[in-house]
1. Would you mind stating whether V204 is in a strand (DSSP E or B), assigned by TED's automatic domain parsing to the domain that holds K219 and at pLDDT 80 or above?
2. Of the numbered conditions (1) touching a Ser or Thr at 6+ places or on another chain (Cβ under 9 Å); (2) within 27 Å of G391 (Cβ to Cβ), R331 fails exactly one; give the number of that condition.
3. Check E428 against each of (1) at pLDDT below 90; (2) assigned to a loop (DSSP other than H, G, I, E, B) and name the one condition it does not meet.
4. Take the residues in segment 291-320 that are among the basic types (K, R) and in contact (Cβ under 8 Å) with a residue 40 or more places away in the chain; name whichever of them is surrounded by the fewest Cβ atoms within 10 Å (Cβ to Cβ).
Amino acid sequence: MSRLLNSLALVLIIASIVLRNPLLFLVAILLGLVALTTALWGRYALAGVTYKRRLGTARMFVGEETDLWIEITNAKPLPLAWLKADDEFPDAVELVKGTLWHTHKPTRRMLSNLVSLRFYERVRKHYRLRARRRGALEFGPVELSSGDLFGLQSQRETRAQFDELIVYPRVVPVSALGLPAARPFGDAKTQRRVVEDPLRVLGVRAYAAGDSPRWIHWKATARRGSLQTKLFEPSASRASVIFLDLRTAPLEQPGITPEYLELGITAAASLARYLLDQREPVGLYVNGSRRGEWGLVRLPPSRRPAQWLEILDALARLIDLASVPLEEVMRAEMPNLPFGVSVIAISCNLTEELTTTLFDLQRQGHPVTLMAIGDQAPTDLPADLRTYWLGGREAYARINRTNVPNVPNVPNVANGTNVPNVPNVPNEFGKFGSFGTFGRFEML
């Protein structure tokens with residue numbers, strides 16, 4: 001287009017000289033200026049333009065809100081009549097005020113900002129985000145486009161600028177799941193089991209077949225010339241493991257039921273929090289993997305402070321598909337479970353193979369509890385298998401509809417450290433203040 005304008009201006013200049021027409025000469029000069037500015041904006045419109053996205057937190061729970069800061073800077077002496085930024089967002093978040101537009105991708109949305117920027121001007125916008133679903137959510141890329149005032153030439157550029165937000169599943173009191181608040185697992189959980197405490201070494205004894213090699217006392221072995229194993233003091237201890245089934249339909253029926261899946265994940269997180277509050281070691285085993293990983297989720301029982309965050313992170317990053325049946329995971333982990341550890345199974349598929357595996361665990365001395373998920377209460381389960389029915393679609397909708405708050409001792413991740421207050425813009429957003437950048441602030 002600029003070449004056409006240049007050619008037209010040149011023709012008009014020649015014609016004005018031949019015809020000695022000053023008005024035609026003035027039109028030719030104006031066309032030449034338009035061609036020059038069009039070429040200038042078409043080439044340098046996005047030079048020196050930066051786009052920054054800043055989330056108020058890196059982790060939050062479903063239903064919580066956080067700040068979102070957008071900053072667009074024009075760090076050059078050429079003003080921009082218009083600049084459009086189309087930022088790709090996950091559909092698992094929503095704006096408290098504002099609109100996220102639909103795109104051709106079913107799970108993605110678009111935040112569009114159209115601004116005009118003077119030379120060395122910076123525009124900031126503030127939004128509030130609300131998490132609708134759990135997951136490892138990715139923001140980006142962003143597409144920037146700008147051009148000349150007349151719309152004759154434009155420049156478009158996609159920038160691979162990504163941010164990640166981890167949204168943890170909702171954590172509710174066990175009573176919100178329909179379980180009794182006082183004894184959600186019946187009397188079996190109140191029976192304290194006597195086990196050996198590996199932190200209390202009582203002495204040593206001769207090694208016997210079947211002893212764990214981990215407990216060999218090598219210094220005593222060297223002194224006595226024969227294998228010696230550590231002897232521990234007995235202590236009363238309780239521990240639980242949660243087995244979560246990601247299958248929401250039988251193998252012969254493809255597809256998933258999202259409400260069943262999310263209810264099971266919410267139940268697993270809530271039960272883990274309850275047991276940790278009782279100062280019990282808790283483990284988590286899932287027949288699926290985290291997003292971007294191949295191995296199944298496997299967290300042995302522990303009550304160390306980091307265990308809670310590891311459980312939350314694993315549940316947040318779970319993909320929606322099961323890799324193997326849950327009973328295969330349980331049988332694979334059966335030899336590794338400490339004696340007497342309580343087993344909690346959460347599943348929608350109450351198959352004969354699953355109940356057989358649960359009875360095998362029960363015969364090995366593990367108290368077993370089955371948490372059943374489905375729109376209809378199970379009716380054909382054995383009476384000697386402790387079972388709770390958590391509900392199905394309506395139960396999950398009820399938890400979301402009533403907006404059950406997170407349990408009090410769950411850290412409010414969205415209001416944690418490094419969250420900027422509204423008046424305080426992060427420091428990295430002020431790089432161009434040293435050479436006189438104009439600033440504009442908009443809050444939505």
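1. For V204, the condition - in a strand (DSSP E or B), assigned by TED's automatic domain parsing to the domain that holds K219 and at pLDDT 80 or above - is met.
2. Among (1) touching a Ser or Thr at 6+ places or on another chain (Cβ under 9 Å); (2) within 27 Å of G391 (Cβ to Cβ), R331 violates only (2).
3. So the condition that E428 fails would be (2).
4. Across segment 291-320, the extreme among qualifying residues is R291.
The rows are residues; the columns are (1) out of contact with any Leu (no Cβ under 7 Å at 6 or more places or on another chain); (2) crowded, with 16+ Cβ neighbours inside 10 Å; (3) of a type outside the set (D, E); (4) more than 26 Å from A176 (Cα to Cα).
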residue: L337; (1), (2), (3), (4): yes, yes, yes, yes
residue: G340; (1), (2), (3), (4): yes, yes, yes, yes
residue: I344; (1), (2), (3), (4): no, yes, yes, no
residue: S347; (1), (2), (3), (4): no, yes, yes, no
residue: L358; (1), (2), (3), (4): no, yes, yes, no
residue: R363; (1), (2), (3), (4): yes, no, yes, yes
residue: T379; (1), (2), (3), (4): yes, no, yes, no
residue: T387; (1), (2), (3), (4): no, yes, yes, no
residue: I399; (1), (2), (3), (4): yes, yes, yes, no
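The values are calculated or read from the model by the stated rules, or taken from the named source; none is laboratory data. Being a predicted model, the structure only gives us computed values, none of them experimental. Note: ideal-geometry Cβ built from the backbone for every residue, glycine included; neighbour counts use all protein chains shown.
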